[in-house]
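Please read the structure below before turning to the comments.
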Amino acid sequence: MNTRTETTYSVETEHGYRKALEHALGLLPLPDPYTLHTVQLRKQNSADVWLFRYRKQGETHSGLGGEHFSFVVEKDSLAILGYTWKDQSLRSGPLPTPEETKASAEALFNRIEPGLSERLQNLWIDRHDETVTIADGPNKQAEYVIPGMKYKCYGRESDDYAWVIVGTGGRIITFEQGIRWRNGRVTEMWLHDGWLRKFGGDGGNG
């Protein structure tokens, strides 16, 4: 996959993403107090996609690995391919039961794309944790666990995968769809900061 030659756009000067952004914000639960920081034009499964990254203002670590709200939208179809939210508020609280996880995941699938849950076969529901790096005292940062429950599905017609990770209090940590798997994941991982570190991307200077 050729991922090194893509472009990062200034949100002040680039306007081609506006339609995709407005569509996504009509469906996604954008948390406060996040503001748009970077927009990148990338490739995912050979299609042009917009990668949007929001970050908190004034935080000491909102760069790669830190707190952010990011999502990927296919440029032509405006399909929302995924989003992720990494925030220290997700570190504590009760996790949903498997039944609650299923209900939250299917509701999200159908909000993103009506009828999507009916095209997906649930494979399993299990614990799946993420991490976030936050300030832990002056000039010190530490990595913390964000606990979650993962609802993983397979799309028979499209031969790909989709999932939702539901965090504490029923809040969604991650959603992805259209993930291709051939002896391992072959779909690009623009929502994963480890991927951005390897293939290039701007998470901010926090």
Mind listing P(r) for segment 7-199? All alpha-carbon pairs, 10 Å bins, whole percents.
9, 36, 39, 16, 1, 0
Quick one: Karplus J couplings for segment 66-83, per residue in order, coefficients 6.51, -1.76, 1.60, θ = phi - 60°, nearest Hz, x for Gly and Pro?
x, 5, 6, 10, 10, 8, 10, 10, 5, 4, 7, 8, 6, 5, 7, 8, x, 8
At most 10 other Cβ within 10 Å, DSSP loop - GluC sites (Glu not before Pro), segment 120-204
Glu157
Derived scalar couplings ³J(HN,Hα) [segment 103-112; Karplus, 6.51 cos²θ - 1.76 cosθ + 1.60; whole Hz; x for Gly, Pro]:
5, 5, 5, 5, 5, 5, 3, 6, 6, 5
For His61, His192, ascending order of other Cβ atoms within 10 Å (fewest first) is His192, His61
Would you list which aspartates and glutamates come within 18 Å of Lys56, measuring only between C-alpha atoms, while excluding same-chain residues fewer than 8 positions from it?
Glu12, Asp32, Glu67, Asp87, Asp136, Glu143, Asp193, Asp202
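Below 8 Å, C-alpha to C-alpha, sequence gap of six or more: please give me the relative contact order for the chain in percent.
Details: 435 pairs, mean separation 43.4, N = 206.
Worked out over the chain, it gives 21 percent.
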In debye to the nearest 20, the charge dipole size for the chain, taken about the Cα centre with +1 at each Lys and Arg Cβ and -1 at each Asp and Glu Cβ, equals 340 debye
When the charge dipole of the chain is computed with +1 at the Cβ of Lys and Arg and -1 at the Cβ of Asp and Glu, the Cα pointing farthest to the positive end, of Trp181, Cys153, Gly167, is that of Trp181
I need the phi-derived Karplus couplings for segment 189-199: 6.51 cos²θ - 1.76 cosθ + 1.60, θ = phi - 60°, integer Hz, Gly and Pro marked x.
10, 5, 8, 9, 5, x, 5, 5, 4, 7, 10
Selection from Ala47, Pro31, Leu21, by position along the positive dipole direction of the chain (Cβ):
Ala47
Kindly identify segment 35-127 as rounded, prolate or oblate by the Cα gyration tensor criterion: order the square roots of the eigenvalues as a ≥ b ≥ c, call it rounded if a/c is under 1.5, otherwise compare a/b with b/c, prolate if a/b is larger, else oblate.
oblate
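With the cut-off at 1.5 for a/c, could you classify segment 89-143 from its C-alpha gyration tensor as rounded, prolate or oblate?
Working: a/c = 3.21, a/b = 2.46, b/c = 1.30.
Note, shape of segment 89-143 comes out prolate.
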Quick one: which residues, 5 or more positions from Ile173 or on another chain, have an amide H under 5 Å from its amide H? H modelled 1.01 Å from N in the peptide plane, none for Pro or chain starts.
Ile165, Val166, Gly167
Name the residues whose placed amide hydrogens come within less than 5 Å of the amide hydrogen of Gln44, ignoring near sequence neighbours (fewer than 5 apart) on the same chain.
Val49
Any of Lys152/Lys198; Lys86/Lys152; Lys75/Lys140; Lys19/Lys140; Lys43/Lys140 with alpha carbons more than 31 Å apart? Name them for me.
Lys75/Lys140; Lys19/Lys140; Lys43/Lys140
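Taken together, the values in this text are just the output of simple stated rules run on the coordinates, not laboratory data. Because the structure is a prediction, the values reported are computed rather than measured. Neighbour counts run over all protein chains shown; Cβ positions are idealised from the backbone, glycine included.
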